[in-house]
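*Asks:* One structure, as structure tokens, below. Some questions next.
The values are calculated or read from the model by the stated rules, or taken from the named source; none is laboratory data. This is a predicted model, so every value here is computed, not measured. All Cβ positions, even for glycine, are placed from backbone atoms using ideal geometry, and neighbour counts span all protein chains on display.
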Amino acid sequence: MKRREFLHIGAAGIIGPALAPVFAHGATPERATVLYDDRSVALANTEFDRASAALWVRASDLPSINGFEIKPEGACRADICVPLPKAMTRGIYFNLSAFADRAGQAVVADLDARVWSFGEIPTFRSGLLASREAPDFAVPDRKGRLIHLSDFRGRKVLLVTWASWCGCREDLPGWQRVYEELKGHNFEIIAAAEDTAGESVVDQWYDAAKPTYTTLVDKAHAVSSAFQFMNVPSGAWINEDGRVVRPGEPAWTTDRTYKYGDKSVVTQGTIYVAALRDWVLNGPGSRFAMDDAEFKRRVTPPSMAAMEADASFKLGVWFQEAGQGDRAARYFERAQRLNPDDWNYSRQAWSFTPADAGKKWFEKFQQFDEPYYDLKLAPRN
């Protein structure tokens, strides 16, 4: 597929169950909120088409929504263009739902609240799948400044996630020790707290660790979404050229064993840090730099169900931040049903009901057949 000839993939946009369209074509412009990638955009002028449940936005708002611009050759962003049939535009309005359909995006909408959540555009993941190019993101640090992964081009990066609802929060001081040892070797650690509740729940753990590495507060789980991290803690190694050396896998600094019934959780921090050190010091010559064949075995395109789960989860995050916990829970649960292998969805949802979290975690853990947090870190020969 040529980048300038982005073809119609044919995956239908998805409207949540029991969310029938309620707005008539040609009605007075209405307000709506669009969730797209890692942003939330409030729009003052949109239209809703009853027949197709489509969201029409002003073409002039498209760049602020998803970075695309209308050009003679279609809707374009960087070197990607989506050809647009005439039916996709109507005066000053643009059919964002039809655009999502052509781009193969999942869409989940709560029309009562007038909020649309759009999943990722699959083509934007093609760089990771084809050339191991790390997906960029924009996530705020503790001071609210947006940090992009691309800001660190030219350095080796360990991207590691954690959460206040995970025992991995106790590894933050360990990452500081690793950073102090290796930072002189053109190396940076980016820690992203995957916490919808934000700074209010992560601050005590960051404060206690006194980190000098980069610290992010990822309320929308944008990092986990971009890198297909299924749990916390997860780590990925990114080289100076912005390419992924190792994709998501369990990332600890300590060795612990936790017994839960007849099963155990074993963290393998010592061997993980040793492998990381070997890569930081030896670069592409490291025995732990993953070859292309193994990378392709581990990183695969997400299914439509997985993309819909991600869009549902982000809709739940939006409602949680808006103080609508009951409605948020509905979308968190939907994300869990659509992608039960993603523990982030379950554990984040449970964090809002701490009295039940332990029981729910134990029940899910007992159903897990494979070793939990298994680290497949065999070196190259």
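*Asks:* Looking only at region 355-373, count every residue that is part of a helix (DSSP H, G or I) and without any contact (Cβ under 8 Å) to a residue 24 or more places away in the chain and tell me the total.
*Replies:* 8
*Asks:* Being surrounded by fewer than 21 Cβ atoms within 10 Å (Cβ to Cβ) and closer than 29 Å to W318 by Cβ narrows it down to one residue among P211, P233; which is it?
*Replies:* Residue meeting the stated conditions: P211.
*Asks:* Select from region 110-158 the residues that are surrounded by fewer than 18 Cβ atoms within 10 Å (Cβ to Cβ), outside the structural domain of F229 (by TED's automatic domain parsing) and touching a Gly at 6+ places or on another chain (Cβ under 7 Å) and list them in ascending order.
*Replies:* none
*Asks:* Tell me which residues, restricted to region 1-60, are closer than 19 Å to Y331 by Cα, touching an Asp or Glu at 6+ places or on another chain (Cβ under 8 Å) and modelled with pLDDT under 80.
*Replies:* G13, I14, G16, L19, P21
*Asks:* Only residues that are touching a Pro at 6+ places or on another chain (Cβ under 6 Å), surrounded by fewer than 16 Cβ atoms within 10 Å (Cβ to Cβ) and outside any loop (DSSP other than H, G, I, E, B): list them for region 44-79, please.
*Replies:* Correct list: E69 only.
*Asks:* Here's something else I'd like to know. Can you confirm whether region 214-223 contains a residue that is in a helix (DSSP H, G or I) and either over 30 Å from G323 (Cα atoms) or among the small types (G, A, S) (or both)?
*Replies:* Yes; the residues of region 214-223 include at least one that is in a helix (DSSP H, G or I) and either over 30 Å from G323 (Cα atoms) or among the small types (G, A, S) (or both).
*Asks:* Scan the strands (runs of 3 or more DSSP E) fully inside region 93-169 and keep the ones with 1 or more residues being out of contact with any Pro (no Cβ under 7 Å at 6 or more places or on another chain) and closer than 16 Å to M307 by Cα.
*Replies:* Result: 107-110, 115-118.
*Asks:* Then there is this: When region 233-272 is examined, which residues are found to be modelled with pLDDT under 95 and of a type in the set (A, V, I, L, M)?
*Replies:* V265, V266 - these are the residues of region 233-272 that are modelled with pLDDT under 95 and of a type in the set (A, V, I, L, M).
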